[in-house]
Protein chains: 2
Amino acid sequence: MDLEKKPRMTPQRKVILEALRQVNTHPSADEVYEMVRKRLPRISLGTVYRILEMLSERGEIRKMEFGGTLKRFDGNPTEHYHIRCVCCDSIIDAPLSLMATIDREMDGATGYHILGHHLEFIGLCPDCMDNPISPDLRRMRRTSGSL
Amino acid sequence: MDLEKKPRMTPQRKVILEALRQVNTHPSADEVYEMVRKRLPRISLGTVYRILEMLSERGEIRKMEFGGTLKRFDGNPTEHYHIRCVCCDSIIDAPLSLMATIDREMDGATGYHILGHHLEFIGLCPDCMDNPISPDLRRMRRTSGSL
DNA sequence: TTAAATGCAAAGATTTTGCCAAATT
DNA sequence: AATTTGGCAAAATCTTTGCATTTAA
């Protein structure tokens, strides 16, 4: 909202940002909440949502409103692609460089002013090929925040 | 759930399927609900969700768990790409043929078994370039189901 | 002291479920 | 008659908001 003002670097913000930068698991808000609770036992989910929103508005992290119902957050704010496992719903960065010209091409082919694009691969991760987990177990994992 | 059994083509399913096939607006469940209510005044939202889910499981339509929080549905079940307007949140099909080999390449570059991919462009549609609508108005439009 | 941030809980929004009645084979 | 489906409402999920309190400049 207030892109102009510089926010204070509160302990909560610092911890959340560091937590996101340290992992490559693309956690949901709830998972971030569990992660930072170890260091900030009194933090609330609402605050986590608020701070994640703020950080992504400022481009310090990336909100992934993509695939799946719940949003995920990415500590790496640069543009890149992802691979999502259909089985365990984990997400990794895709080893594929940006398609730099595709936006311009689409811009020309349509009346749209293209701002960017998202690309996500869907597949089965190595772990799940060996030990496929059931949808129930999958949901349990997510709920307990230990993806 | 029961991919084996062939479902009966009830009036509700027929109307919903026809409604989706006739438009290219990629409506949400709620919007589908509004669309079919004209012909089926007594249908319930729950039924719409159930039928949409069932149709997409059978590959007759496509569920877009993509960009934005709420799911959209696409009467065109073949793989294709989309352009979403950041302003009005409308979605059109992208004039770009499938990148047929990219899945195989990603398959080779990772340990994953790649099943497919999603590509979505983000941009400003021609309408919104001329008449940008406010976020408030945008939400009102969605809520009233008249995208 | 003043403005901004947090914690907590309540409210919102969207989607899914349970259950009984109604429809279909 | 046995199943399946539909309607309704309640439940479940995930996210946002209001407000009193705390924190920091």
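Go through the residues of the range B:91-110 one by one and say whether even a single one is within 13 Å of chain A (Cβ to nearest Cβ), within 18 Å of A:MET106 (Cβ to Cβ), in a loop (DSSP other than H, G, I, E, B) and touching a Cys at 6+ places or on another chain (Cβ under 9 Å). Show your work before the answer.
Here is the first cut: in the range B:91-110, the residues within 13 Å of chain A (Cβ to nearest Cβ) are B:91-99, B:101-110.
Applying the additional criterion that residues be within 18 Å of A:MET106 (Cβ to Cβ) yields B:91-99, B:102.
Keeping just the survivors that are in a loop (DSSP other than H, G, I, E, B) gives B:94-99.
Then drop every residue that is not touching a Cys at 6+ places or on another chain (Cβ under 9 Å), which leaves none.
No, every residue in the range B:91-110 fails to be within 13 Å of chain A (Cβ to nearest Cβ), within 18 Å of A:MET106 (Cβ to Cβ), in a loop (DSSP other than H, G, I, E, B) and touching a Cys at 6+ places or on another chain (Cβ under 9 Å).
Would you check if there is a residue in the range B:46-58 being within 12 Å of chain A (Cβ to nearest Cβ), assigned to a loop (DSSP other than H, G, I, E, B) and not polar (S, T, N, Q)? Spell out the reasoning first.
If we filter the range B:46-58 for residues that are within 12 Å of chain A (Cβ to nearest Cβ), which is where we start, we get none.
No, the range B:46-58 has no match at all.
I need every pair where a residue in the range B:78-102 that is under 16 Å from B:LEU20 (Cβ atoms) has its Cβ under 6 Å from the Cβ of a residue that is of a type in the set (Asp, Glu), sequence separation at least 6 or different chains.
Going by the 6 Å Cβ cut-off, the qualifying pairs are B:HIS80/B:ASP93; B:HIS82/B:GLU120.
When you look at A:PRO11, is it modelled with pLDDT of 90 or more, more than 13 Å from A:ILE61 (Cα to Cα) and either within 12 Å of DNA strand D (Cβ to nearest atom) or among the acidic types (Asp, Glu) (or both), yes or no? Quick ask: steps written out before the conclusion?
Working: modelled with pLDDT of 90 or more: yes; more than 13 Å from A:ILE61 (Cα to Cα): yes; either within 12 Å of DNA strand D (Cβ to nearest atom) or among the acidic types (Asp, Glu) (or both): yes.
Spelling it out, A:PRO11 is indeed modelled with pLDDT of 90 or more, more than 13 Å from A:ILE61 (Cα to Cα) and either within 12 Å of DNA strand D (Cβ to nearest atom) or among the acidic types (Asp, Glu) (or both).
Being in contact with an Asp or Glu (Cβ under 9 Å, 6 or more places away or on another chain) and either of a type outside the set (A, V, I, L, M) or more than 10 Å from DNA strand C (Cβ to nearest atom) (or both) is the filter here, so list the residues in the range B:40-55 that pass it. So that I can check it myself, show each step before the final result.
Step one: of the range B:40-55, the residues in contact with an Asp or Glu (Cβ under 9 Å, 6 or more places away or on another chain) are B:45, B:48, B:54.
The one that is in contact with an Asp or Glu (Cβ under 9 Å, 6 or more places away or on another chain) and either of a type outside the set (A, V, I, L, M) or more than 10 Å from DNA strand C (Cβ to nearest atom) (or both): B:MET54.
Among the candidates B:PHE66, B:PHE73, which residue alone is in contact with a Leu (Cβ under 6 Å, 6 or more places away or on another chain), within 15 Å of DNA strand C (Cβ to nearest atom), at pLDDT below 85 and closer than 27 Å to A:GLY111 by Cβ?
Numbers: B:PHE66 fails: in contact with a Leu (Cβ under 6 Å, 6 or more places away or on another chain).
Being in contact with a Leu (Cβ under 6 Å, 6 or more places away or on another chain), within 15 Å of DNA strand C (Cβ to nearest atom), at pLDDT below 85 and closer than 27 Å to A:GLY111 by Cβ holds for just one of B:PHE66, B:PHE73, which is B:PHE73.
Could we say that B:LEU45 is under 25 Å from B:LEU17 (Cα atoms), modelled with pLDDT of 90 or more, surrounded by fewer than 14 Cβ atoms within 10 Å (Cβ to Cβ) and in contact with a Phe, Trp or Tyr (Cβ under 9 Å, 6 or more places away or on another chain) here? Quick ask: steps written out before the conclusion?
Working: under 25 Å from B:LEU17 (Cα atoms): yes; modelled with pLDDT of 90 or more: yes; surrounded by fewer than 14 Cβ atoms within 10 Å (Cβ to Cβ): yes; in contact with a Phe, Trp or Tyr (Cβ under 9 Å, 6 or more places away or on another chain): yes.
Criteria met by B:LEU45.
Which numbered condition in (1) of a type outside the set (Gly, Ala, Ser); (2) within 11 Å of DNA strand C (Cβ to nearest atom); (3) assigned to a loop (DSSP other than H, G, I, E, B) is the only one that A:VAL15 fails?
(3)
Of all residues in the range A:31-51, count the ones that are polar (S, T, N, Q) and within 21 Å of A:ILE91 (Cβ to Cβ). Break it down stepwise before answering.
We begin by selecting, within the range A:31-51, every residue polar (S, T, N, Q); these are A:44, A:47.
Next, only the ones that are within 21 Å of A:ILE91 (Cβ to Cβ) stay: none.
The number of residues fulfilling the criteria is 0.
The values are calculated or read from the model by the stated rules, or taken from the named source; none is laboratory data. Computed from a predicted structure; not experimentally measured. Positions of Cβ are backbone-derived with ideal geometry, glycine not excepted, and every protein chain shown enters the neighbour counts.
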